[in-house]
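Taken together, the values in this text are just the output of simple stated rules run on the coordinates, not laboratory data. It should be emphasised that the depicted structure is a prediction, and the values quoted were computed from it without experimental measurement. Methodologically, a virtual Cβ is constructed for each residue, glycine included, from the backbone with ideal geometry; neighbour enumeration extends over all protein chains shown.
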Amino acid sequence: MMSSECKFYSCNSQAMSFHPSGYCFQCYQTDPKISKNAKKNQLKVLDLFSGFGGFSEAFVLNRDEVLRIENNPLLSEVKHTVLMDVRKLRDIIAEGLAEGNLNPYLLNIDLIVASPPCYDFSLAFSAPQGIVARKGKEAFENYEPDMELFYVTLEIIEMLKPRYYIIENVRGSIRHCEKIGLKPRQKFQAYVLYGNFPMFKPPKLELKAKKGNRIQHGNPLRANYRAIIPLELSESIRLAIVEQKTIFDFNGVEEE
Ligand SMILES: C[S@@+](CC[C@H](N)C(=O)[O-])C[C@H]1O[C@@H](n2cnc3c(N)ncnc32)[C@H](O)[C@@H]1O
């Protein structure tokens with residue numbers, strides 16, 4: 001993919017490769033000429049910890065306006081991705097709000113989806129919580145995962161006030177999220193979804209473990225492949241948002 005430099009005055013950082021403005025993410029915020037240019041009926045989606053972009057893929061395919069934030073340079077070529085730490089995005093938003101020049105990209109967001117890394121919450125054999133689980137009840141109860149990226153996500157949601165938001169994680173996150181006031185809104189298979197969103201009928205999905213088996217050990221993106229949110233799930237969420245106008249439109253069945 002060709003990368004070009006930002007066309008804003010003398011800025012020489014990398015332009016957002018997917019965006020017609022030719023600006024980098026920061027200059028897009030600064031240019032007074034940029035106005036709200038979303039097309040009619042287009043949803044505006046912010047995908048945090050976007051990885052390969054699975055969570056927001058159905059929105060991209062439906063030509064919605066999607067911005068993905070990811071900090072792994074190996075994933076910079078994933079469409080719609082801005083390579084940035086989510087903590088930096090939090091700071092940019094706070095500054096933009098304080099100075100009254102918030103990036104127009106971040107105004108009037110319909111949906112924020114976020115998949116903070118699940119390593120600390122996983123109950124898998126070699127994950128930290130899986131290890132303490134085998135050490136006994138007390139060790140398990142005293143285990144404290146790093147919640148920072150959850151807090152940062154909640155700060156962003158609080159500042160941007162999207163119409164809907166969904167934070168995805170694994171079952172091992174539930175007892176820790178409850179301590180910070182987050183209760184699962186929907187859970188099925190390995191997926192736990194927190195937030196405020198129209199509930200939907202869970203799609204039939206391939207098991208997570210099976211999905212990862214195809215990726216070779218030693219591949220630096222193995223964990224990212226395993227973490228991809230399936231297109232069917234992204235589609236179900238989009239459909240629920242687009243089609244459910246009232247509670248009576250919901251015909252889903254919640255799985256435990
Ligand atoms: C669970 S995966 C996301 C999977 C993604 N939803 C998908 O469908 O492909 C978490 C991602 O968060 C990224 N990440 C971790 N810490 C981050 C940070 N501080 N800022 C931005 N991205 C981060 C990781 O590189 C990883 O790709």
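Please get the size of the charge dipole for region 41-250, origin at its Cα centre, with Cβ charges of +1 on Lys and Arg and -1 on Asp and Glu, quoted in debye to the nearest 20.
So the dipole magnitude of region 41-250 works out to roughly 880 debye.
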Which distance in nm do the two modelled labels at S13 and I131 give, with both placed 7 Å along the Cα-to-Cβ direction?
3.6
Candidates N224, N12, N41: whichever shows maximal mean-square fluctuation once the chain is modelled as a Gaussian network with Cα springs under 10 Å:
N41
Computed over the chain, the ratio Rg/Rh where both radii use C-alpha atoms and Rh is Kirkwood:
0.97
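List L239, L46, L106 from most exposed to least, where exposure is judged by having the fewest other Cβ atoms within 10 Å. Intermediate results must be reported in sequence, preceding the final value.
Details: L239 16, L46 25, L106 22.
Fewest-to-most ranking of L239, L46, L106: L239, L106, L46.
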Charge dipole (debye, nearest 20) of region 82-154; +1 at Cβ of Lys and Arg, -1 at Cβ of Asp and Glu
300
Determine the gain in length on full extension of the stretch E95-Q189; use 0.36 nm per residue of separation and subtract their C-alpha separation, reporting nm with one decimal.
29.9 nm
When the helices in the chain are scored as -39500 (n - 2.57) per DSSP H run of 4 or longer and the sum is shared across all residues, what 222 nm value do you end up with, to the nearest 500 deg cm²/dmol?
-9000 deg cm²/dmol
Suppose R0 equals 35 Å. What FRET efficiency, 1/(1 + (r/R0)^6) with r the Cβ-Cβ distance, do L74 and E206 give to the nearest 0.05?
0.90
